[in-house]
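The values are calculated or read from the model by the stated rules, or taken from the named source; none is laboratory data. Keep in mind it's a predicted model, so treat the numbers as computed, not measured. Every residue, glycine as well, gets a Cβ built from its backbone with ideal geometry; the counts of neighbours run over all protein chains shown.
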Amino acid sequence: MASSSAPISVLVFNGDQYHVWAVKMKTYLRGHGLWQYVEEEKQVPQLGPNLTLNQMTVHEEEAAKALRALSCIHSVVTDQVFSRIMACETPKEAWDTLKEEFGGSNQTRNMQVLNLRREFEVLKMQETESVKEYVDKLMIVVNKIKLLGEEVTNQRAVEKVLVSLPEGLKQKFRP
């Protein structure tokens, strides 16, 4: 596992592109063994009697992880965003506050998905663009849909590319 003193190289969240930031931050916290303190608000079990030094050390390390998770979240937001979560006492509370404020309501997300699906359906390859350029544009839309929690299968994306190809290129892909 990575050292707890490793610098954070996650995108600093300024209120824009919440879904991208959330994916990066979740991955970072998982990589450092801290995500369960955000996701589940994991509690450190109470200590029993007759403890060994090792048990006390492990308990202290576990207790520090929740604070480290909160500190990680605090350190990758701008001061303006921090002011919204500075009163949160747990990493889960801070995460949920950011998600509620910047992730959008279910209705907002549903509208975004609807608009992105429409954009996906009407996207056509231009005669002047390469297949790579078209696929790149298409995958940007697909990934935005996925970030909002909706599924677009790889098969559907490939079908969209094949349907959108100019006739000359389609001939190359037919059996």
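Tally up the residues in the stretch 30-50 that are among the hydrophobic types (A, V, I, L, M, F, W, C) and under 17 Å from Thr97 (Cα atoms), please.
Qualifying residue count for the region: 2.
When you scan the stretch 57-66, do you find a residue that is buried (at least 17 other Cβ atoms within 10 Å of the Cβ), more than 30 Å from Arg109 (Cα to Cα) and in the same structural domain as Lys92 (by TED's automatic domain parsing), even just one?
yes
Return the residues of the stretch 67-92 that are of a type outside the set (Val, Ile, Thr) and either free of Cβ contacts under 8 Å to residues at least 40 places away in the same chain or outside the structural domain of Tyr28 (by TED's automatic domain parsing) (or both); say none if nothing qualifies.
Once the filter is applied, which keeps residues that are of a type outside the set (Val, Ile, Thr) and either free of Cβ contacts under 8 Å to residues at least 40 places away in the same chain or outside the structural domain of Tyr28 (by TED's automatic domain parsing) (or both), the stretch 67-92 yields Leu67, Leu70, Ser71, His74, Asp79, Phe82, Ser83, Arg84, Met86, Ala87, Cys88, Glu89.
Could you tell me how many of the residues in the stretch 111-132 are among the hydrophobic types (A, V, I, L, M, F, W, C), in a helix (DSSP H, G or I) and in contact (Cβ under 8 Å) with a residue 12 or more places away in the chain?
Residues that pass the stated criteria total 4.
Is there a residue being free of Cβ contacts under 8 Å to residues at least 24 places away in the same chain, more than 29 Å from Phe82 (Cα to Cα) and among the polar types (S, T, N, Q) anywhere in the stretch 133-152?
No, because not a single residue in the stretch 133-152 is free of Cβ contacts under 8 Å to residues at least 24 places away in the same chain, more than 29 Å from Phe82 (Cα to Cα) and among the polar types (S, T, N, Q).
Looking only at residues that are among the aliphatic types (A, V, I, L, M) and assigned to a loop (DSSP other than H, G, I, E, B) in the stretch 33-56, which one is surrounded by the most Cβ atoms within 10 Å (Cβ to Cβ)?
Among those residues, the one meeting the criterion is Leu34.
List the number of the failed condition for Asp96; all other conditions in (1) at pLDDT below 95; (2) over 17 Å from the mean Cα position of the chain (by Cα) hold.
(2)
Which of the residues that make up the stretch 27-54 are at positive phi and either polar (S, T, N, Q) or in contact (Cβ under 8 Å) with a residue 60 or more places away in the chain (or both)?
Matches in the stretch 27-54: Asn50 only.
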